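Asks: Here it is, the structure in full.
The values are calculated or read from the model by the stated rules, or taken from the named source; none is laboratory data. Quick caveat, the model's predicted, so the values are computed rather than measured. Quick reminder, even Gly has a Cβ in these numbers, built from the backbone with ideal geometry, and neighbours come from all protein chains shown.
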Amino acid sequence: MENLLHYPPSVIVNRALPKKVFYDHLDMSTKMRQHFTDDIASLTWLYKLGAGTVNVATGKRIVEIDFFSATLKDMDVDDNVFTFIDSTMPRYIVFIQCFEDKYRLLLTIKTQAMMSHILSKS
């Protein structure tokens with residue numbers, strides 16, 4: 001995918017993520033896996049914003065922000081898969097959902113308690 005948000009080259013990852021990576025590393029229910037299969041055509045890790053990729057100091061609460069592009073199979077999909085992925089990862093994530101020529105951003109706010117819970121599980 002092209003540099004959709006026009007970020008500097010240092011933050012570009014642009015790596016396709018096979019669904020199998022998520023199946024193998026996340027404790028996913030059968031229903032969640034089915035949503036993943038039915039709703040998402042492909043996932044790409046677009047950008048990684050952090051001290052190692054941009055000229056910013058490491059924050060106390062926010063260390064990294066990752067951007068993922070999700071090509072959807074249908075215009076109206078449930079956000080459960082995305083909120084599930086987000087809830088298992090100890091970083092802040094922005095999903096750019098794409099269907100044909102339409103785009104939508106999805107992000108959640110993580111409290112310190114949520115981040116502590118996620119980190120305690122890893």
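Asks: Might you let me know whether region 83-95 holds any residue that is over 21 Å from residue 12 (Cβ atoms) and small (Gly, Ala, Ser)?
Replies: So far as region 83-95 goes, yes, one or more of its residues are over 21 Å from residue 12 (Cβ atoms) and small (Gly, Ala, Ser).
Asks: Among the numbered criteria (1) within 21 Å of residue 34 (Cβ to Cβ); (2) without any contact (Cβ under 8 Å) to a residue 24 or more places away in the chain, which single criterion is violated by residue 74?
Replies: For residue 74, the failing item is (2).
Asks: Follow-up question, since we're still on this one. In region 48-78, which residues are charged (D, E, K, R) and either at pLDDT below 90 or surrounded by fewer than 15 Cβ atoms within 10 Å (Cβ to Cβ) (or both)?
Replies: 60, 61, 64, 73, 74, 76, 78
Asks: Can you report the number of residues in region 48-93 which are in contact with a helix residue (DSSP H, G or I) (Cβ under 8 Å, 6 or more places away or on another chain), part of a strand (DSSP E or B) and farther than 23 Å from residue 29 by Cβ?
Replies: Adding up the residues that qualify gives 2.
Asks: Shifting gears a bit: Looking at region 31-47, which of its residues are of a type in the set (A, V, I, L, M, F, W, C) and either in contact with a Phe, Trp or Tyr (Cβ under 7 Å, 6 or more places away or on another chain) or not in a strand (DSSP E or B) (or both)?
Replies: Looking only at region 31-47, we keep the residues that are of a type in the set (A, V, I, L, M, F, W, C), and these are 32, 36, 40-41, 43, 45-46.
Answer for region 31-47, where residues must be of a type in the set (A, V, I, L, M, F, W, C) and either in contact with a Phe, Trp or Tyr (Cβ under 7 Å, 6 or more places away or on another chain) or not in a strand (DSSP E or B) (or both): 32, 36, 43, 45, 46.
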